[in-house]
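A.B. asks: Here it is, the structure, as structure tokens.
The values are calculated or read from the model by the stated rules, or taken from the named source; none is laboratory data. Please read all numbers here as calculations on a predicted model, not as lab measurements. Cβ: placed from backbone, ideal geometry, glycine included. Neighbour counts: every protein chain shown. The area values use the complete protein model at the heavy-atom level, side chains included, leaving out ligands, DNA and RNA. Shrake-Rupley method; radii C 1.70, N 1.55, O 1.52, S 1.80 Å.
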Amino acid sequence: MLELLALSPILKGLILLTVAGISFPITGVYLLRLNLLPLRFMLMHGAILGGAVALAFSWNPFVTTITLNLLFVLFMTKASRSLRKDAGYMSSFFMVISISLAFILVYRFNVQAKDTLSLLWGSLYTSTWEEVVAVIVFSSLLILFQLFYYRKLQAFFFDREIAYTSGVNERFLYYAIVLLTALTVAMAMKIIGALLLDALLLLPALIATFHAKSLRGVLVWSSLWGGLFAVGGFFLALVFDIPASSAIAVLASIVFLVILIVRRK
């Protein structure tokens, strides 16, 4: 086990999962509080389009995916506010158009579909040190944002209209939350893939809501659960020689079911 950790790809994977497991569940709390669950599906489709664009034009997939998802989020939030439509309506539109464009690029530029769809299961052990640093910096900014705006976010989640009349810039907070979520989803897809990213984003936040009594408690416990699932899943993957993303998802699902059964009893 120790000799495996001496290998650079394994060490980078452990660092990525530890940092992501602690910080990424914060955006899972945001998604649950604002009922923005359809947003992550739009971002998944946007990431597939970003992968197709990057492979077609030989660009950096990580940067391309993040940039494209940020543009999608900006257009979606702007359109939903100007048209006075729920964000779920607009995210459905972007889901359809992004996957359609992705298939066009795959066909016209003879892109291998398996390379584009690799985003669905992630590439933890192929990350570069630059990407590791990028995730660490982003995670630090995410935690600092939560700490600095905690009281305003508390009012914002309670009632956006009341928060606005109390002097809280709810438009800024909404845009900031959506942008942070977009970046989180893009990075989580790189680490564990689109199909299993909810194991890091949503399951820790859901489990935290079972026993936490306040917003602060939900945030703290979601980070603790996320870190536990990430690190525990990583070592389970090494022991049983299975994908780390699958190990994390299984571990988080087992804990979720156990706590749910205990609560019912």
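A.B. asks: For the range 203-216, give me each residue that is in a helix (DSSP H, G or I) and either free of Cβ contacts under 8 Å to residues at least 60 places away in the same chain or open to solvent by 10 Å² or more (accessible area, probe 1.4 Å) (or both).
C.D. replies: If the condition is that a residue be in a helix (DSSP H, G or I) and either free of Cβ contacts under 8 Å to residues at least 60 places away in the same chain or open to solvent by 10 Å² or more (accessible area, probe 1.4 Å) (or both), then L203, L206, I207, T209, F210, H211, L215, R216 are the ones that fit.
A.B. asks: If you check V239 against the conditions, is it under 15 Å from the mean Cα position of the chain (by Cα) and at pLDDT below 90?
C.D. replies: When the stated conditions are applied, V239 does not pass them.
A.B. asks: So is Y164 over 21 Å from S253 (Cα atoms), open to solvent by 50 Å² or more (accessible area, probe 1.4 Å), aromatic (F, W, Y) and assigned to a helix (DSSP H, G or I) or not?
C.D. replies: yes
A.B. asks: Which number in (1) under 30 Å from R108 (Cβ atoms); (2) at pLDDT 80 or above; (3) open to solvent by less than 20 Å² (accessible area, probe 1.4 Å); (4) within 13 Å of the chain's Cα centre (by Cα) marks the one condition that A52 misses?
C.D. replies: Checking A52 against (1) under 30 Å from R108 (Cβ atoms); (2) at pLDDT 80 or above; (3) open to solvent by less than 20 Å² (accessible area, probe 1.4 Å); (4) within 13 Å of the chain's Cα centre (by Cα), the one that fails is (4).
A.B. asks: Still on this structure: Can you work out which of the residues in the range 182-197 that are touching a Ser or Thr at 6+ places or on another chain (Cβ under 6 Å) and open to solvent by less than 30 Å² (accessible area, probe 1.4 Å) is nearest to L142 (Cα to Cα)? Show your work before the answer.
C.D. replies: To start, the set of residues in the range 182-197 that are touching a Ser or Thr at 6+ places or on another chain (Cβ under 6 Å) comprises 184, 186, 192-193, 196.
From the residues that got through so far, the ones that are open to solvent by less than 30 Å² (accessible area, probe 1.4 Å) too are 184, 186, 192-193.
On the way: T184: 9, A186: 14, I192: 19, G193: 20 Å.
Ranking the candidates gives T184 first.
A.B. asks: Out of I66, I104, report the one residue that is among the aliphatic types (A, V, I, L, M), modelled with pLDDT of 75 or more and over 21 Å from the mean Cα position of the chain (by Cα).
C.D. replies: Values: I66 fails: over 21 Å from the mean Cα position of the chain (by Cα).
Step by step, each of I66, I104 is checked, and only I104 is among the aliphatic types (A, V, I, L, M), modelled with pLDDT of 75 or more and over 21 Å from the mean Cα position of the chain (by Cα).
A.B. asks: Based on what the data block shows, is Y125 of a type in the set (F, W, Y), within 30 Å of V106 (Cα to Cα) and assigned to a helix (DSSP H, G or I)?
C.D. replies: So Y125 passes the test.
A.B. asks: Tell me, which residue of the range 244-265 that is open to solvent by 80 Å² or more (accessible area, probe 1.4 Å) and not hydrophobic (A, V, I, L, M, F, W, C) is modelled with the highest pLDDT?
C.D. replies: My answer is R263.
A.B. asks: Further question on the same structure: Pick from G13, G46: which is at pLDDT 80 or above, crowded, with 19+ Cβ neighbours inside 10 Å and within 28 Å of G232 (Cα to Cα)?
C.D. replies: Only one candidate passes the filter, namely G13.
A.B. asks: Another question about this same structure. Of L219, L200, L179, which residue is open to solvent by 30 Å² or more (accessible area, probe 1.4 Å) and either assigned to a helix (DSSP H, G or I) or in contact with a Phe, Trp or Tyr (Cβ under 9 Å, 6 or more places away or on another chain) (or both)?
C.D. replies: L179
A quick yes/no check of all residues on (1) surrounded by fewer than 22 Cβ atoms within 10 Å (Cβ to Cβ); (2) under 16 Å from S100 (Cα atoms):
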residue	(1), (2)
N35	yes, no
P38	yes, no
M42	no, yes
S58	yes, no
V73	no, no
